[in-house]
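Read through the structure below, which is laid out as structure tokens, and then see the notes.
The values are calculated or read from the model by the stated rules, or taken from the named source; none is laboratory data. This is a predicted model, so every value here is computed, not measured. Positions of Cβ are backbone-derived with ideal geometry, glycine not excepted, and every protein chain shown enters the neighbour counts. These accessible areas exclude ligands, DNA and RNA; they are computed on the full protein's heavy atoms, side chains included. Shrake-Rupley method; radii C 1.70, N 1.55, O 1.52, S 1.80 Å.
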Amino acid sequence: MSNRTTVTEFLLLGFSDVQELQILHFMVFLVIYLAALIGNLLIITVVVLDHHLHTPMYFFLMNLSILDIGSISVTVPKSMANSLMNIRSISYSGCVAQVFLFVFFVSADLAFLTVMAYDRYVAICQPLHYERVINRRACVQMAAGVWISVFLYSTFHTGITFAVSFCGGNMVDQFFCEIPQLLKLACSDTYLSETWAIAFSVCLASSCFVLIIVSYVHIFTMVLRIPAEQGRHKALSTCLPHLTVVSLFFCTANFAYSHPTSSSTSTLDLVVAVLYSVLPAVMNPIIYSMRNKEIKAALRKLIARMLSTKNKLSIFSLWL
């Protein structure tokens, strides 16, 4: 029988034991983190300030940007601090908080991606009913439903995860407290409850994926019927970025949580974890700003307004 020990802290995987590579890891993650923060904060700012973007699609996009900031802030700063200070430890309570917040933000991200697919389905396939179905009250209700439901789900999943006993030491083969890697440390006789929790999570994620796929099948079928080239291009320009985000998120997260974890550290596991936990927060603002004319126009107006204000202040200071 495996020895059960009381775990007070976990040791996270370091990218390297070489100091120069640790500094390189810190700098790379710092650039990625700042890019994610700036990009998502810009989207939130332009959506709030530009009344032309006060529509359901951009309301959901703003929520997605908030979640992206949250999800990358849960994992990356701790990894950066560990590399900079040459430490690997995270307290037990810190690991619990990291699991809860990461599950919360990622689950809400998935839920909002599903809601956004439904929003695009109604907008393109049922345009005459769009203002009645996706009105302000419906948007607030869907957003509130997402936030409340994922809070309850994250509480349940985190509680089940840390209800298990750990017999395999405290070495987590990942740069953050990832659930599959934590389960490698669990005793076999306490593993069953978390297995059911993961199966339940897979069912929920699969349901969201099916809903998104069905929505896009209807959307692309309708888009192909649009006779005008301009109308077809506009419909695709709003859907393709969303589909890109969904594909990136689902492919990497599905691989991370569905394939069996090995007893040794895998470079592929590390790369996949970075792809689904870090990259989407950086890619979302790039995809939505580079492919979306309305976002780009709002950004240009915001920059012009800031430059105009700066020039007025400079003239006023010279006059004084």
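Check Leu30, Leu53, Leu34, Leu64 and return the single one that is modelled with pLDDT of 85 or more, farther than 22 Å from Ile179 by Cβ and open to solvent by 60 Å² or more (accessible area, probe 1.4 Å).
Just a single option satisfies the conditions, and that option is Leu34.
Could you tell me which numbered condition His157 fails, if it satisfies all but one of (1) closer than 26 Å to Ser277 by Cβ; (2) part of a helix (DSSP H, G or I); (3) modelled with pLDDT under 85; (4) open to solvent by less than 50 Å² (accessible area, probe 1.4 Å)?
If we test His157 against (1) closer than 26 Å to Ser277 by Cβ; (2) part of a helix (DSSP H, G or I); (3) modelled with pLDDT under 85; (4) open to solvent by less than 50 Å² (accessible area, probe 1.4 Å), just (3) comes out false.
Test of understanding: among Ala298, Ala273, which residue is more than 19 Å from Leu49 (Cβ to Cβ), of a type in the set (Gly, Ala, Ser) and modelled with pLDDT of 80 or more?
From the options Ala298, Ala273, the qualifying one is Ala273.
Checking Leu110 against (1) hydrophobic (A, V, I, L, M, F, W, C); (2) open to solvent by 30 Å² or more (accessible area, probe 1.4 Å); (3) under 24 Å from the mean Cα position of the chain (by Cα), which single condition isn't satisfied?
(2)
Failed condition for Trp147, given (1) within 18 Å of the chain's Cα centre (by Cα); (2) crowded, with 19+ Cβ neighbours inside 10 Å, with all others met?
For Trp147, the failing item is (2).
Consider Phe15 against the criteria (1) outside any loop (DSSP other than H, G, I, E, B); (2) crowded, with 17+ Cβ neighbours inside 10 Å: it satisfies all of them except one. Which criterion is unmet?
For Phe15, the exception is condition (1).
Among the residues of the stretch 126-146, are any closer than 30 Å to Val271 by Cβ and touching a residue at least 12 places away in the same chain (Cβ under 8 Å)?
Looking through the stretch 126-146, at least one residue is closer than 30 Å to Val271 by Cβ and touching a residue at least 12 places away in the same chain (Cβ under 8 Å).
If Phe105 passes every condition in (1) among the aromatic types (Phe, Trp, Tyr); (2) under 28 Å from Phe162 (Cβ atoms); (3) out of contact with any Ser or Thr (no Cβ under 8 Å at 6 or more places or on another chain) but one, which one does it miss?
(3)
Going through the stretch 70-89 one residue at a time, which ones are of a type outside the set (D, E, K, R), open to solvent by 50 Å² or more (accessible area, probe 1.4 Å) and in a helix (DSSP H, G or I)?
Leu84, Met85
Can you spot a residue in the stretch 117-129 that is hydroxyl-bearing (Ser, Thr, Tyr) and part of a loop (DSSP other than H, G, I, E, B)?
Checked the stretch 117-129: no residue is hydroxyl-bearing (Ser, Thr, Tyr) and part of a loop (DSSP other than H, G, I, E, B).
Is it the case that Ile23 is of a type in the set (Val, Ile, Thr), open to solvent by less than 40 Å² (accessible area, probe 1.4 Å), part of a helix (DSSP H, G or I) and touching a residue at least 24 places away in the same chain (Cβ under 8 Å)?
no
Test Phe100 against the criterion of being under 24 Å from Val274 (Cβ atoms), aromatic (Phe, Trp, Tyr) and in a helix (DSSP H, G or I), and give yes or no.
yes
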